[in-house]
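The values are calculated or read from the model by the stated rules, or taken from the named source; none is laboratory data. All values reported here derive from a predicted model rather than from experimental measurement. Here Cβ is always computed from backbone atoms with ideal geometry, including for glycine, and neighbour counts include all displayed protein chains.
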Ligand SMILES: [Zn+2]
C-alpha cells in the first residue's frame, strides 16, 4: 500500500485515499485482510446485529479503537456505534460472509469509480490509469449503480452512508439527466439480455428516507419471460458498449458489450455462410461490423488490462483463428492487404454489401444490399414441380 496510496484528510468528505504517484490501470493498490468477518444472515437482522457485536467484542483494544474511528453512517436499524460503522463499511466477502476492512473503508464512493474492491481476493484494483494526487474511489452500490438514476442513488447513499455524492454522474444536478437516461437504458438492456426485468428502483424516487419501508435494498430482479431475437441481442450488446463508454464506466465493461455484439454477429454470419442457399455469398457489411466492434472492444480492453496482458494475447489469438474460418472476415483481411499494396480494384456496379463467388472459375461479383436480398429471396422460394 505504501507504494501507491496514502490516506489524506479532505476538505469536505472526511478522509480519502489518494495516489502518491501515477498508477497504471488494473494494478493492485491494496491487499488487506479483514479486521472483522461475520456469517451473512440477510433475512435475520437481529442475528446479524448479534454477530457484529460478538465479532467486535473479540477484537483487541487497538483494533476496536481503529474500527471506532471509521465513518459511522446512519443505518436506522443499528443499535450501537460499532454496528452502525459495520453497516456503513461492510463488504460482501464471498461464501456467505460479510467483512470489514480498516484501510479499504477509507475509499470514498463515486458512481464513476476509478477502482474496484474485490471480495474474493481481498484487494483493491485500479479500473483505469490514475494520475498522481488523484483521489481513488470505489462504488458502494455494486452491482446496481450503473442502472440507477442520480436521485435513486442519492436516496441509498443518504440512507446507508449519510452523504451526498458529487461525482460527474451526480453533479451538477441539472446536468445529471443525460447520465440518468443512459443508466436507465443500461439497466433495461443488461437485465433484458439475461431474461430479467430491471429491478423496480422507483420507490427510491419519491421516498423520504424515514418513511421508506425497510429493507428495500437490495432489490430483486424478476424473470421477464421474454426471449430476445438474434438481431436484438446483437443490437443490445452493441448499445450496451456504447452507453457504458459514454457514461465513463470502466473500460472492460464497455469492451464486453462491443465484443459480445461482435461474437453474436459472427455466430449468425457463420450460420449463413454454411447454409447451402447462401454458401457462395460473402457478406461484407456484416464482416465490417464484426471487425470494427472487435477492434473497439480490444482497444478498450487494452486500456483496461494494458496491451501485453495475457487476456489481450488470448483474445488476439482467438480472433486470428476465427478470421481464417469465416470467409467474409478472411475476404476482408485480404482486400485490406490489397488496398495497402494499391492492388485493390473496386467493383463497377458500386455494390459493396456482399460478394457473390462463382464456384466454377472463382470470379467474384459485388452485390448491393438490395441485390443480396433479392438473390436470397429467389433462392429461398420453394421450387415447383
Ligand atoms: Zn455519484
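A few remarks follow.
- Scanning segment 159-175 for residues that are within 20 Å of residue 76 (Cα to Cα) and out of contact with any strand residue (DSSP E or B) (no Cβ under 8 Å at 6 or more places or on another chain) turns up 159, 160, 162, 164.
- Members of segment 31-65 that are within 24 Å of residue 163 (Cβ to Cβ) and more than 34 Å from the chain's Cα centre (by Cα): 56, 65
- Some residue of segment 264-286 being in a helix (DSSP H, G or I) and more than 30 Å from residue 363 (Cβ to Cβ): yes
- Some residue of segment 336-354 being surrounded by 12 or more Cβ atoms within 10 Å (Cβ to Cβ), without any contact (Cβ under 8 Å) to a residue 60 or more places away in the chain, assigned to a helix (DSSP H, G or I) and in contact with a helix residue (DSSP H, G or I) (Cβ under 8 Å, 6 or more places away or on another chain): no
- Residue within segment 83-104 that is buried (at least 21 other Cβ atoms within 10 Å of the Cβ) and within 16 Å of the ligand (Cβ to nearest atom) present: no
- Filtered residue count, segment 67-107, keeping only those that are in a helix (DSSP H, G or I) and farther than 18 Å from residue 124 by Cβ: 9
- If you go through segment 251-282 and keep only what is more than 15 Å from residue 324 (Cα to Cα) and either in contact with a strand residue (DSSP E or B) (Cβ under 6 Å, 6 or more places away or on another chain) or outside the structural domain of residue 373 (by TED's automatic domain parsing) (or both), you end up with 280, 281.
Yes/no matrix, rows are residues, columns are (1) closer than 19 Å to residue 16 by Cβ; (2) at pLDDT 95 or above; (3) touching a helix residue (DSSP H, G or I) at 6+ places or on another chain (Cβ under 7 Å):
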{"site": "140", "(1), (2), (3)": "yes, no, yes"}
{"site": "145", "(1), (2), (3)": "yes, no, yes"}
{"site": "152", "(1), (2), (3)": "no, no, yes"}
{"site": "159", "(1), (2), (3)": "no, no, yes"}
{"site": "163", "(1), (2), (3)": "yes, no, yes"}
{"site": "168", "(1), (2), (3)": "yes, no, no"}
{"site": "171", "(1), (2), (3)": "yes, no, no"}
{"site": "175", "(1), (2), (3)": "no, no, no"}
{"site": "179", "(1), (2), (3)": "no, yes, yes"}
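- When segment 109-118 is limited to residues that are within 17 Å of residue 88 (Cα to Cα) and crowded, with 21+ Cβ neighbours inside 10 Å, the one that is nearest to the ligand (Cβ to nearest atom) turns out to be 111.
- With respect to the conditions (1) assigned to a helix (DSSP H, G or I); (2) surrounded by 21 or more Cβ atoms within 10 Å (Cβ to Cβ), residue 319 falls short on a single one, namely (2).
- Lone unmet requirement of (1) modelled with pLDDT of 95 or more; (2) touching a helix residue (DSSP H, G or I) at 6+ places or on another chain (Cβ under 8 Å); (3) outside any strand (DSSP E or B) for residue 63: (2)
- Residue 131 away from the ligand (no atom under 15 Å from the Cβ) and at pLDDT 95 or above: yes
- Taking (1) under 21 Å from residue 244 (Cβ atoms); (2) within 15 Å of the ligand (Cβ to nearest atom) in turn, residue 126 satisfies each apart from (2).
- Any hit, segment 171-187, residues being surrounded by fewer than 22 Cβ atoms within 10 Å (Cβ to Cβ), near the ligand (Cβ under 10 Å from one of its atoms) and outside any helix (DSSP H, G or I): yes
- Among residues of segment 135-164 being under 17 Å from the mean Cα position of the chain (by Cα) and in a helix (DSSP H, G or I), the one that is nearest to the ligand (Cβ to nearest atom) is 145.
- Selection within segment 225-235 - under 21 Å from the mean Cα position of the chain (by Cα) and assigned to a loop (DSSP other than H, G, I, E, B): 228
- Pairing each residue of segment 136-157 that is farther than 15 Å from residue 178 by Cα and free of Cβ contacts under 8 Å to residues at least 60 places away in the same chain with any residue that is more than 10 Å from the ligand (Cβ to nearest atom) and in a helix (DSSP H, G or I), provided the two are 6+ apart or on different chains, yields C-beta distances under 6 Å for 155/204.
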